[in-house]
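Let me begin by presenting the structure, written as structure tokens, before commenting on it.
The values are calculated or read from the model by the stated rules, or taken from the named source; none is laboratory data. A quick note: this is a predicted structure, and the numbers were derived from the prediction, not measured. In this analysis, Cβ positions are derived from the backbone assuming ideal geometry, glycine residues included, and neighbour counts consider all displayed protein chains. Only protein heavy atoms, including side chains, enter the accessible area calculation; ligands, DNA and RNA are left aside. Shrake-Rupley method; radii C 1.70, N 1.55, O 1.52, S 1.80 Å.
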Amino acid sequence: YLDSNTELRNKRNINVGKKYPELSNIHKQVKCRCILDGELIVTTDGKPDFYEIQRRSLMTNAFKIQLAASRLPVSFTAYDILYYKDHEVMDLPLMQRKNLLEKTITENECISISRYIEEHGIQFYNLAVQNKLEGIVAKKKDSKYYLNKRTKEWIKSKFLLSVDFVVCGYILKDNNVASIVLGKYSGKQLVYKG
């Protein structure tokens, strides 16, 4: 949120607001000038759809972006707050920052606050696995926010399904992006379906 408008920036600090026009007014749900950390989410069948977010991030055609915004709207989930009323708050303990988030944001279908649970991390992770979600993040209550730095105070527990494939080749496309041709063993025989 910046003055009287919304500014969305990715990890590389590039303004990506034009790709998500449905979020252009989320600053109206924020009570004061601040900088939030969070994630863009498209939900399909009640679950986050990372493919749709990737697809949208690559779009450049304004008409296609508007069509995607009406068909599968993006929402913003705030995890943390970095600046509050023009003051840096990254050194405050996590739980104080969570309280600031709750005081600052009025939730609606476009913006929400990331929820947390205490003490039941293993059960929460198992629930994420059961629902085929990516995983969970465990954070110490008194942890600070570190920009561009991994810390042992925040631990990602990912649920990963893995399958072994053999790279059989690649296909060059017009924009120099390569598709990888994969094969999978079925018993002792390599099977390729193209």
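In the chain, excluding the sites themselves, the longest stretch lacking any of the GluC sites (Glu not before Pro) that are in a DSSP loop with at most 11 other Cβ atoms within 10 Å is 1-108. One entry in (1) -1.10; (2) -0.86; (3) -1.01 is log10 I(q)/I(0) by the Debye sum over Cα atoms at q = 0.15 Å⁻¹ calculated from the shown coordinates; its label is (1). Loop-located trypsin sites (Lys or Arg not before Pro) across segment 39-121 with a Cβ neighbour count of 11 or fewer within 10 Å are LYS85, ARG115, with loop assigned by DSSP. Mind checking the angle between helix 62-71 and the chain's longest principal axis? C-alpha axes, 0 to 90 degrees, to the nearest 10. Helix 62-71 sits at roughly 80 degrees to that axis. For segment 3-107, the gyration tensor built on C-alpha atoms gives a prolate shape. Its axis ratio a/c (a ≥ b ≥ c) is at least 1.5, and a/b is the larger of a/b and b/c. Rounded to the nearest 500, the helix-only mean residue ellipticity at 222 nm of the chain stands at -6000 deg cm²/dmol, with each DSSP H run of n ≥ 4 adding -39,500 (n - 2.57).
Prolate is the label for segment 100-194, because the ratio a/c of its alpha-carbon gyration tensor axes (a ≥ b ≥ c) is 1.5 or higher and a/b is greater than b/c. Quick one: among THR104, THR60, THR43, which has the greatest mean-square fluctuation in a GNM of the chain with alpha-carbon springs under 10 angstrom? Of THR104, THR60, THR43, the Gaussian network model singles out THR60 as fluctuating most. Summarise the accessible area of segment 1-152 (1.4 Å probe, protein heavy atoms) by the percent that is carbon and sulfur. Carbon with sulfur: 52 percent of the solvent-accessible area. List the trypsin sites (Lys or Arg not before Pro) within segment 4-35 that DSSP assigns to loop and that have no more than 14 neighbouring Cβ atoms inside 10 Å. Answer in residue order: LYS11, ARG12, LYS31.
Net length available on complete extension from ASN61 to VAL137 is 23.9 nm, with 0.36 nm assigned per residue and the Cα-Cα distance removed. Taking a straight line from the alpha carbon of LYS184, these lysines sit under 19 Å away, with near neighbours fewer than eight places off in the same chain left out: LYS193. Note: relative contact order over the chain, using C-alpha pairs below 8 Å and six or more positions apart, is 15 percent. Taking every lysine pair in segment 1-91 that is 8 or more places apart or spans two chains, those with Cα atoms closer than 18 Å amount to 6.
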